[in-house]
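Notes follow once the structure below has been shown.
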Amino acid sequence: MRTALLAIGCAGLLALFLWGMTGLPPFGSYPGPYGDLLNSFAASERKATDVVSAVNFDYRAFDTLGEEFILFVSVAGAALLLRKIDEEKKDSKEDSESEDREPGRAPPPTSDATRAFGVALVGLTVVFGLYMISHGQTTPGGGFQGGVILATAPLSVYLSADARTFQRIAPRGLVEGAESLAAAAYVLFGLAAVVLGGEFLRNVTPLGEEEKMGSSGNIFWLNLAVGIEVASGFVLLRSVFIEETLQRRLREESK
Amino acid sequence: MGAFQIGVFLLVAVSAFGVVRTRDPLAQSVAVSFYGLVLALLFFLHQAPDVALSQIVVGAVALPLMILLALSRIHSQDAERKEDRK
C-alpha cells in the first residue's frame, strides 16, 4: 500500500519534472548583461583569465570574505566543542592513570601498502595544492580548492608515518597561528585599500602580466591568504578530532 | 544536452538513491564520496570547472572525511561508556 502510494507520487513528480524540463531555455543561454560584461573586460582590467576567480576575489571579494569567515567560525566552534570533552578526559586520566582500552591489545600496524602510497601522495598533494592556490587567477581553482588539497598532505603523513612526524610538520600552535593570521590578512588587504583612499577590498597590489603566476594583484594575494586559511583550518579541525588518538600514539612511540 | 550528459545525470540520480538507501554510516561516507565525484563530473560537463573543483574538494574529500572523523570519535566514546558500565 505504502509502496504503491510512493510509486504514484514518484510517477507524478517525474511527469511534472519532465514537463518543466521541456520549458527550460537551451543550455548555455544567458539573459543578463553582467556576466557578458565581466567576460569582456576582466582579462584586460584585472589581467585575470579565470573570470570566476576575478569575481570571487575582486569584483565580489566582500562575499568571499564572508565565506572565509564561515569556515573560520566553524573550525573555531568545532575546536571549542571538542576541547571541552578533551579536558574532562584528561582530568579523569590523571586521577586513575589508566588507558581507556584493554592492555595488550594494540591497534593493527599500518600496512606497507598504505605507507608507500601515503609517502608517494605527500609530494604530489603539496605541489598540486600550491599550484592550485597560486594559479587561481589564470586557471580554474584557487585558494579554497587548493587549501583543501594542501590539507590532505598532513593527513597522508598521519596515515603513513608515525604520530611524531605529524606533530613535527603540523604543530598545533603553528597551525592555529597560520589560520588566524591568514584570516586576518584578508581583512587587512581590504582595510589597506581604505587607508589608501579607495573602497574596502579595492585592488592595492600591482596587476603584473597576464597568465603569469603572481599576476592580477589582489586576486593572487587573497587566494594565497584563503589557501593558507583553508589548509590550516582543515588541519586544525582534523587534529582536534584525532587529538586523543594522537596523544596515545605519541605515548606509545615514546615508550 | 548530449547523450553523455544525460548518462551522467542518471548516474547522479542513481548514486543519490544509493546514498539514501545505504544504512551503515561508514559505508554511507564512501557512497557520499562517490556521489560527490559524479556530481563534480556533471558540473564539469556543463562547463563549470571552478564549481566542479569545489565540488570535488568539498563533496568528495572534506565531507566524507568529516563524517569518518565524527564516526571514529563516536565509536571511541561508545567504547568508553561500555567500559564504564562494566
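Among the residues of the range B:61-86, those with an accessible-area drop of 50 Å² or more from chain alone to full protein complex, heavy atoms and 1.4 Å probe, are B:Leu65, B:Met66, B:Leu69, B:Arg73, B:Glu80.
Computed from backbone phi with θ = phi - 60° and the Karplus coefficients 6.51, -1.76 and 1.60, the 3J(HN,Hα) list for the range A:237-246 is 4, 5, 6, 5, 5, 9, 3, 4, 4, 4 Hz; x is used for glycine and proline. May I ask you to give the percent of accessible area on the range A:141-255 that is carbon plus sulfur, with a probe radius of 1.4 Å? The computed percentage sits at 65. Rg and Dmax of the range A:159-255, based on Cα coordinates, read 18.5, 60 Å. For the protein assembly as shown, the percent of C-alpha pairs falling in each 10 Å distance bin, counted from 0 to the bin holding the largest distance, reads 5, 19, 27, 23, 16, 8, 2, 0. Charge tally around A:Pro206: other residues with Cβ under 15 Å, Lys/Arg +1 each, Asp/Glu -1 each, net 0. Each residue of the range B:19-31 is assigned a 3J(HN,Hα), and the resulting list reads 4, 5, 7, 6, 9, 6, x, 5, 5, 5, 5, 6, 5 Hz, derived from the Karplus form 6.51 cos²θ - 1.76 cosθ + 1.60 (θ = phi - 60°), x at Gly and Pro.
Given a 1.4 angstrom probe, I'd like the percentage of the accessible area of the range B:10-59 that is carbon and sulfur, rounded to a whole number.
The C+S portion of the solvent-accessible surface of the range B:10-59 is 76 percent.
Per residue, the average separation of C-alpha pairs within less than 8 Å and at least 6 apart gives chain B a relative contact order of 26 percent. Only one residue of A:Ala193, B:Gly36, A:Ala48 has its Cα farthest out toward the positive end of the dipole of the protein assembly as shown, where Lys and Arg carry +1 and Asp and Glu -1 on Cβ, and that residue is B:Gly36. Kirkwood radius and radius of gyration were both taken over the C-alpha atoms of chain B, and their ratio Rg/Rh is 1.18.
Interface burial in the range B:20-59 reaches 50 Å² or more for B:Asp50, B:Leu53, B:Val57, comparing the full protein assembly with the chain by itself; accessible area from heavy atoms with a 1.4 Å probe. Taking B:Arg73, B:Arg81, A:Arg115, A:Arg46 and ordering them by how much accessible surface each has at a 1.4 Å probe, largest first, produces B:Arg81, A:Arg115, A:Arg46, B:Arg73. Between B:His46 and A:Arg172, the simple spin-label model (points 7 angstrom out along Cα→Cβ) gives 4.4 nm. Entry note, chain A: the mean residue ellipticity at 222 nm calculated from DSSP H runs of n ≥ 4, each adding -39500 (n - 2.57), is -24000 deg cm²/dmol after division by the residues and rounding to the nearest 500.
Counting other C-beta atoms within 10 Å, and keeping those with at most 14, which DSSP coil chymotrypsin sites (Phe, Trp or Tyr not before Pro) do you find in the range A:191-227? Qualifying residues, ordered by number: A:Phe200. Here the label points at A:Ser111 and A:Ser74, each 7 Å from Cα along the C-beta direction, are separated by 3.1 nm in the simple model. For chain A, the per residue solvent-accessible surface stands at 58 Å², with DNA, RNA and ligands left out and a 1.4 Å probe. The chymotrypsin sites (Phe, Trp or Tyr not before Pro) of the range A:1-46 meeting both criteria, a DSSP state outside H, G, I, E and B (loop) and at most 14 other C-beta atoms within 10 angstrom of the site's C-beta, are A:Phe27. Based on C-alpha pairs under 8 angstrom that are at least 6 apart in sequence, chain A has a relative contact order of 26 percent. Solvent exposure of A:Tyr131, expressed as accessible area, is near 90 Å², computed with a probe of 1.4 Å over the protein chains only.
In Å² (nearest 100), what accessible area is buried between B and A, both sides summed, heavy protein atoms only, 1.4 Å probe?
Buried area (both sides, nearest 100 Å²): 1900 Å².
The angle between the Cα long axis of helix A:112-134 and the main principal axis of chain A comes to about 30°, on a 0 to 90 degree scale.
The values are calculated or read from the model by the stated rules, or taken from the named source; none is laboratory data. Only a predicted model underlies this, so the values are computations on that prediction, with no experimental measurement involved. Positions of Cβ are backbone-derived with ideal geometry, glycine not excepted, and every protein chain shown enters the neighbour counts. Just so you know, the surface numbers come from the protein's heavy atoms only, side chains and all, with ligands and any DNA or RNA stripped out. Shrake-Rupley method; radii C 1.70, N 1.55, O 1.52, S 1.80 Å.
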